[in-house]
Amino acid sequence: MPAYFSMIMEFSRAELDFDNMKELIAYIKHAGLEFKGGAYNAENETLEDIMDWNQKKLEDDFELGYDEDAVNDYKQMYFNYGGFSEVRGFIMNEEPIRGEYTFTLLIPEEEIVIDAKTYKKDAVDKLKAMASKLWILPKTRTMQTELELGEGISPEEDIRDGALPSACPFAIVSEKRFGHMDTANYNAEHIEYGGVILTPKDIKLV
């Protein structure tokens with residue numbers, strides 16, 4: 001099983017309502033992600049069926065128990081995008097105590113990463129184009145990237161208190177958060193809808 005690169009959209013449970021997953025579907029399609037099929041126990045389901053299931057799970061504030069069958073968990077999906085061999089997406093009620101959930105896209109690391117500080121420019125450009133379109137979803141708090149052995153993303157409330165986002169090789173934060181960050185070690189690209197793409201200055205694209 002290959003190592004995976006992650007691109008993670010962070011959301012607040014305080015903004016959870018009846019159509020969050022329907023909104024996410026619309027922006028997934030807008031970003032150019034083509035639904036390929038369900039993963040694991042959802043192979044024969046539509047994207048809408050999968051997201052309806054995930055919506056109900058979020059509304060129930062569901063977390064899979066250690067001894068619970070995985071068929072009860074949030075359902076995953078596969079997409080076609082940018083010529084990558086695999087793009088898998090899933091919802092996680094990652095920090096329910098802190099009131100957060102995430103939508104993550106996984107892509108094999110070897111198709112993006114050369115080493116921890118060097119990335120394939122063509123692949124990163126495709127991911128930034130997709131991320132910029134997903135960012136338009138109004139409820140998105142942050143978009144962060146990490147490698148499989150990373151330490152996880154920094155929730156927006158931690159960024160507000162001075163933590164740095166996970167940017168391997170980029171992250172998107174709001175103009176508001178950007179204005180209060182120490183950004184000396186980042187290159188910043190201001191995008192539409194109040195977003196800023198941050199790329200660490202020591203990252204190389206080849």
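The values are calculated or read from the model by the stated rules, or taken from the named source; none is laboratory data. A quick note: this is a predicted structure, and the numbers were derived from the prediction, not measured. Note that we place each Cβ from the backbone using ideal geometry, even for glycine, and neighbour counts take in every protein chain shown. Calculation scope for accessible area: heavy atoms of the full protein, side chains included, ligands and nucleic acids excluded. Shrake-Rupley method; radii C 1.70, N 1.55, O 1.52, S 1.80 Å.
Counting DSSP beta bridges in the chain, what percent are antiparallel, to the nearest 5?
DSSP beta bridges in the chain are roughly 95 percent antiparallel.
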Problem set entry | Mean shadow area of the chain, taken as a quarter of the surface of its Cα convex hull (nm²) | 11.2
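Please compute the contact order of the chain in relative form: average sequence separation of alpha-carbon pairs under 8 Å and at least six residues apart, divided by the residue count, as a percent.
Working: 373 pairs, mean separation 48.2, N = 206.
Relative contact order here is 23 percent.
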Exercise. Using the Cα gyration tensor of region 19-72, with a ≥ b ≥ c the square roots of its eigenvalues, what is the shape: rounded (a/c below 1.5), prolate (a/b larger than b/c) or oblate (neither)?
Worked result: oblate
For this session: Let me see the pair-distance distribution of region 138-177: every alpha carbon pair, 5 Å bin width, integer percents in order.
Result: 6, 25, 35, 22, 10, 3
Exercise. Over region 13-79, what percent of the accessible surface lies on carbon and sulfur atoms, probe 1.4 Å?
Worked result: 48
Seminar exercise, completed: Mean separation of Cα contacts under 8 Å (at least 6 apart) over the residue count of region 53-112, i.e. the relative contact order in percent, is 25
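With the cut-off at 1.5 for a/c, could you classify region 43-91 from its C-alpha gyration tensor as rounded, prolate or oblate?
On the way: a/c = 2.41, a/b = 1.78, b/c = 1.35.
Cα axes put region 43-91 in the prolate bin.
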Problem set entry | region 91-182, Rg to Rh (Cα coordinates; Rh as Kirkwood inverse mean 1/r) | 0.95
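Counting only heavy atoms of the protein chains, get the accessible area per residue of the chain (1.4 Å probe) and round it to a whole Å² value.
50
For the chain, what is the mean residue ellipticity at 222 nm derived from helices alone (per DSSP H run of n ≥ 4: -39500 (n - 2.57); sum divided by total residues; nearest 500 deg cm²/dmol)?
Working: 5 runs with 47 residues, N = 206.
Calculated at 222 nm, the ellipticity per residue is -6500 deg cm²/dmol.
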For this session: For the chain, set up a Gaussian network in which alpha carbons nearer than 10 Å are linked by springs, and say which option among V196, V124, V71 fluctuates the most.
Result: V71
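With a cap of 15 neighbouring Cβ atoms within 10 Å, and only residues DSSP puts in a loop, list the chymotrypsin sites (Phe, Trp or Tyr not before Pro) found in region 1-49.
Working: sites: Y4, F5, F11, F18, Y27, F35, Y40; in loops: F18.
Passing sites in region 1-49 are F18.
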Exercise. Taking a probe of 1.4 angstrom, what is the accessible area of S166 in Å², to the nearest 10?
Worked result: 20
Problem set entry | Relative contact order (%) - criterion: Cα under 8 Å, at least six apart; region: region 32-84 | 54
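Find the all-direction average of the projected area of the Cα convex hull for region 15-104, expressing the result in square nanometres with one decimal place.
Details: hull surface 24.7 nm².
Mean projected area of the Cα convex hull: 6.2 nm².
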For this session: Report the convex hull volume per residue for region 76-115, counting only C-alpha atoms, in Å³.
Result: 76
Exercise. What order do R160, R88, R13 take when sorted by accessible area (1.4 Å probe), most exposed first?
Worked result: R160, R13, R88
